[in-house]
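The block underneath contains the structure these notes are about, expressed in structure tokens.
The values are calculated or read from the model by the stated rules, or taken from the named source; none is laboratory data. Worth saying up front: this structure is predicted, and the values here are computed from it rather than measured. Heads up, the Cβs are rebuilt from the backbone with ideal geometry, glycines too, and the neighbour counts pull from every protein chain shown.
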């Protein structure tokens, strides 16, 4: 009788040890992070099967870090544009409108505002172009003087509310430095177009010139950048004149975007200031 009790007690202890072991393993940060990754991947695959695409150039399911250095004086308002899309490529897109909300937290050395707390990415079903955007505006916190090299950050979260729920996040990091005019090229493989975002971080208007080879990219002739431009030059290709440089004034502390169509969608022309690669589109200003 005593032996049976001892055996039963050993079995119970063994079960408790195994339960404790699995509890410890499953609750470790590494396992939790892996479980979140698996869940996000499954959710993304499921939503893609429903032709639902909710993404951004600066936010992602796993969280993205986007850093800009030496372009903010630390005195005036700094603006970061966040572009939203409901398209994977020119053959995979969402027909329905996607409504979403935006929230943020930021470091204690700055104050932040959003150009809007909610938005809608109009789908092709309502004659939309599967694009939307909002701005994050950054200012020094009251009583704070930011110095060169000091960093500030904004954690941005966008959550779609219809027709499905999905959350993407990103951390925007800005380093204080010499105010300048700078730009970035946002692109991806198989995208039919790329987007150039130009930021004038100075306190004066700047005449910005974009130069490029029209054999590689073609300016969107419906864009405000083209319609409000002050001058341009052309290049002959197969007997036709194509714009190969264009100049437009960007307001002080202003930001503007312009779209270019790619002649080879399989290319990825993404570029951020400071990278060693030669950009497909160059920028100069006066």
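Taking residue 128 as the residue in question, decide whether it is at pLDDT 90 or above, in the same structural domain as residue 148 (by TED's automatic domain parsing), over 30 Å from residue 202 (Cα atoms) and crowded, with 17+ Cβ neighbours inside 10 Å.
Working: at pLDDT 90 or above: yes; in the same structural domain as residue 148 (by TED's automatic domain parsing): yes; over 30 Å from residue 202 (Cα atoms): yes; crowded, with 17+ Cβ neighbours inside 10 Å: yes.
Here the answer is yes, as residue 128 does meet what is asked.
Here's the yes/no breakdown for (1) loosely packed, with under 14 Cβ neighbours inside 10 Å; (2) in contact with a helix residue (DSSP H, G or I) (Cβ under 8 Å, 6 or more places away or on another chain); (3) free of Cβ contacts under 8 Å to residues at least 60 places away in the same chain; (4) assigned to a loop (DSSP other than H, G, I, E, B):
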residue: 246; (1), (2), (3), (4): no, yes, yes, no
residue: 249; (1), (2), (3), (4): no, no, yes, no
residue: 253; (1), (2), (3), (4): no, no, no, yes
residue: 260; (1), (2), (3), (4): no, no, no, no
residue: 264; (1), (2), (3), (4): yes, no, yes, yes
residue: 268; (1), (2), (3), (4): no, no, no, yes
residue: 274; (1), (2), (3), (4): yes, no, no, yes
residue: 277; (1), (2), (3), (4): yes, no, yes, yes
residue: 284; (1), (2), (3), (4): yes, no, no, no
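Let's see how each residue does on (1) surrounded by fewer than 19 Cβ atoms within 10 Å (Cβ to Cβ); (2) within 19 Å of the chain's Cα centre (by Cα):
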| site | (1), (2) |
| --- | --- |
| 96 | no, no |
| 114 | yes, yes |
| 117 | yes, yes |
| 121 | no, yes |
| 138 | no, yes |
| 141 | yes, no |
| 145 | yes, no |
| 149 | yes, no |
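Counting only residues that are assigned to a strand (DSSP E or B), surrounded by fewer than 17 Cβ atoms within 10 Å (Cβ to Cβ) and in contact (Cβ under 8 Å) with a residue 60 or more places away in the chain, how many does the stretch 80-94 have?
From the stretch 80-94, those assigned to a strand (DSSP E or B) are 80-85, 87-89, 92-93; that's our starting set.
If we keep only those that are surrounded by fewer than 17 Cβ atoms within 10 Å (Cβ to Cβ) as well, we get 89, 92.
Now restrict to residues that are in contact (Cβ under 8 Å) with a residue 60 or more places away in the chain: 89.
Total meeting the criteria: 1.
What tally of residues in the stretch 214-232 results from selecting those that are surrounded by 13 or more Cβ atoms within 10 Å (Cβ to Cβ), in a loop (DSSP other than H, G, I, E, B) and free of Cβ contacts under 8 Å to residues at least 40 places away in the same chain?
3
Among (1) within 21 Å of residue 79 (Cα to Cα); (2) more than 22 Å from the chain's Cα centre (by Cα); (3) surrounded by 14 or more Cβ atoms within 10 Å (Cβ to Cβ), where does residue 197 come up short?
Every condition holds for residue 197 apart from (2).
Please pick out the residue among 125, 149, 119 that is under 16 Å from residue 73 (Cα atoms) and either in contact (Cβ under 8 Å) with a residue 12 or more places away in the chain or in contact with a helix residue (DSSP H, G or I) (Cβ under 8 Å, 6 or more places away or on another chain) (or both). Show your work before the answer.
Numbers: 125 fails: under 16 Å from residue 73 (Cα atoms); 119 fails: under 16 Å from residue 73 (Cα atoms).
After ruling out the rest, the residue left standing is 149.
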